[in-house]
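Everything on this sheet refers to the single structure shown next.
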Amino acid sequence: SSGKKFEVPFEQLTIFSTNLDPKDLVDDAFLRRIRHKVGILAPERDTYTRIFNAQVKKLGMNPCPEAVDYLYERYYNNGRSPRASDCRDLLETVQSICRYRRQPVQLSRDLMVDASASFICEF
């Protein structure tokens with residue numbers, strides 16, 4: 001090693017992400033050294049619905065309030081926390097199902113039943 005130093009022309013940003021309690025992973029001293037922490041909580045139903053509808057529009061699907069109702073009846077009211085990313089992931093799964101079945105991409109309660117069973121691993 002030459003002992004020479006050189007500057008790197010960018011700043012480093014390290015991000016840790018977990019759905020586990022950080023206190024179960026590291027000690028308090030480690031957590032103190034990470035100055036900025038952002039907790040992301042499960043969205044409330046109205047927020048989830050807005051995210052879902054925005055994703056429906058982005059993907060060019062027809063609105064279907066029954067799809068969100070089903071998710072809450074089946075999963076979110078029974079112990080599974082809603083995640084904002086579920087909206088995109090579930091709707092993309094609906095798209096995949098429609099393409100596989102060679103039918104027009106659309107959103108219905110029945111398609112959400114199939115997509116959520118696959119996405120949440122209920123075969």
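At a glance:
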read-out	value
Cα-based helix-to-principal-axis angle, 109-119 vs the chain, degrees rounded to 10	30
Net charge contributed by nearby residues that have their C-beta within less than 13 Å of Asp86 (K/R +1, D/E -1)	+3
13 Å beta-carbon shell around Cys64, net charge (K/R +1, D/E -1)	-1
Structure-derived percent of Cα pairs over 25 Å apart: which label, when the choices are [x] 29; [y] 45; [z] 20	[y]
The stretch 45-119: relative contact order as a whole-number percent, Cα under 8 Å and 6+ apart	37
Formal net charge of residues neighbouring Ile51 (Cβ-Cβ distance under 13 Å; K, R +1; D, E -1)	+2
Sites Lys58 and Arg83, calculated FRET efficiency, Cβ-Cβ separation with R0 25 Å, nearest 0.05	0.90
Estimated FRET transfer efficiency (Ile40, Glu7; beta-carbon r; R0 35 Å; 0.05)	0.55
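FYI, it's all coordinate maths here, none of it is from the lab. All figures in this text were calculated on a predicted structure; none of them were measured in a lab. Methodologically, a virtual Cβ is constructed for each residue, glycine included, from the backbone with ideal geometry; neighbour enumeration extends over all protein chains shown.
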